[in-house]
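Below is one structure, written out as C-alpha cells; the observations come after it.
The values are calculated or read from the model by the stated rules, or taken from the named source; none is laboratory data. Note that the coordinates shown come from a computational prediction; the quantities given were computed from them, not determined experimentally. Counting neighbours? That spans all protein chains shown, and the Cβs are built from the backbone with ideal geometry, glycine included. SASA here: full protein model, heavy atoms, side chains in, ligands and nucleic acids out. Shrake-Rupley method; radii C 1.70, N 1.55, O 1.52, S 1.80 Å.
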Amino acid sequence: MSEEKVILIATHNKGKVAEFEQLFKGFGYRVESLIDYPDLPDVIENGSTFEENARLKAEEIAKLTKRLVISDDSGLCVDSLAGQPGVLSARYAGEHGNDALNNAKLLAELGDIPNLSRRAHFHCSMVAAREGYESLATQGQVFGQIASCPRGEAGFGYDVLFIPDGYDITFAEMPAEDKNALSHRAKAIMSLMEKLPTWEGFLGE
Ligand code: ITT
C-alpha cells in the first residue's frame, strides 16, 4: 500500500485551510495546518511585501518542524486606495482576522465611488521552505471589482465583496470549486506544483 502524502501549511486561517484541502486533494495530498499543531508559535509578519511575509512564515515553521512547509501570504489590493489593504488585509480595521469589520471599513473607504473605479485584485504569494535549502516562491493574482454591499455566504475574508472579471457574482456567491478554479491561491498553487518536482528541497520527499 502506498504511503499517504501529507503537506504542512503554515497557516491558522480556516478559510485558507479549506481551500488548500480542496486544491491539494487534486494532487493526492492531505493537508495539515498550524491549527493541528497548537504548540507551534505565531510567526510575526513584519515584512513589507506579500513574499517577504510568506518567506517568514514558511521558513520559521520549516526550521522548527524540520519538514517541508508551504505558506500563503495574500490580500486584496484596491486601485483607488493605492493598493490598500494589501499586506495589511487581515488586520485592515485593526483586529486581526475580523472579516466583518474589514469589509465594513473597505466599503466606507470606497464610499460612493462608481463601479468602474472599484477595480481591485487579490494577490497570493506562496513559499515552499525546507531547512538548509533555498526557498521556492510563486504567486497568483485574480482581477475584478468591489461590490457595493456584501453578497453571498461562501468563502472567507473579502470574498463577499469581490466580483471577479467575467462574472456578475462575488466569490462568496460561487461554489467553492468555481472560486478554486480561478483564484489567486489556485494560480499560485498550480505554479508551485509545476516547480516543486525539480526543487532541491523536494527531492527525496
Ligand atoms: P495566516 O497568516 O495564518 O496564513 P492570515 O489570515 O493572517 O492567516 P494573511 O496575513 O495572508 O493571512 O492575510 C490574508 C488576508 O487577506 C485574509 O485574512 C483575508 O482578509 C484576505 N484574503 C486573502 N485571500 C483571500 C481570499 O481568497 N478571499 C478573501 N479574502 C482573502
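Protection proxy ranking for 173-179, 185-191, using the average of other Cβ atoms within 10 Å per residue and placing the highest first: 185-191, 173-179. Using the Cβ-Cβ distance between Lys63 and Ala100 with R0 set to 35 Å, the FRET efficiency works out to roughly 0.50. Working ranking of peptides 128-135, 104-111 by packing, defined as the average number of other Cβ atoms within 10 Å per residue, highest first, is 128-135, 104-111. By accessible area, using a 1.4 Å probe on protein heavy atoms only, the chain has 52% of its surface on carbon and sulfur. Summing charges over all other residues whose Cβ lies under 13 Å from the Cβ of Leu81, with Lys and Arg as +1 and Asp and Glu as -1, gives +1. Summarising the strand pairing of the chain, around 75 percent of its internal DSSP beta bridges are antiparallel. Based on the Cβ-Cβ distance of Gln22 and Glu153, what FRET efficiency does E = 1/(1 + (r/R0)^6) give at R0 = 25 Å, to the nearest 0.05? So the FRET efficiency works out to roughly 0.90. Under the simplified labelling scheme, the Arg30-Glu3 pair shows an inter-label distance of 1.4 nm, with each label point 7 Å from Cα along Cα→Cβ.
Excluding ligands, DNA and RNA, the accessible surface per residue across the chain is 51 Å² with a 1.4 Å probe.
Which order, highest average first, do 114-126, 72-84 follow once you tally other Cβ atoms within 10 Å for each residue and take the mean per peptide? Display every interim value, and only then the final one.
Values: 114-126: 18.0, 72-84: 19.9.
Taking the mean over residues of other Cβ atoms within 10 Å, the ranking is 72-84, 114-126.
Net charge of the neighbourhood of Glu153, taken over other residues with C-beta under 13 Å away and scored Lys/Arg +1, Asp/Glu -1, is -1.
For Glu109 and Tyr37, a Förster radius of 41 Å and the Cβ-Cβ distance give a FRET efficiency of 0.70, rounded to the nearest 0.05. When the listed pairs Lys14/Lys195; Lys5/Lys179; Lys25/Lys66; Lys66/Lys179; Lys63/Lys179; Lys66/Lys105 are checked against a 29 Å cut-off, the alpha-carbon distance exceeds it for Lys66/Lys179; Lys63/Lys179; Lys66/Lys105.
Under a 5 Å amide H cut-off, with hydrogens placed 1.01 Å from N, Val142 pairs with Phe122, His184 among residues at least 5 apart or on other chains. Between Val43, Val87, Val69, find the one with the highest GNM mean-square fluctuation for the chain; connect C-alpha pairs within less than 10 Å. Taking springs between Cα atoms under 10 Å, the residue moving most is Val43.
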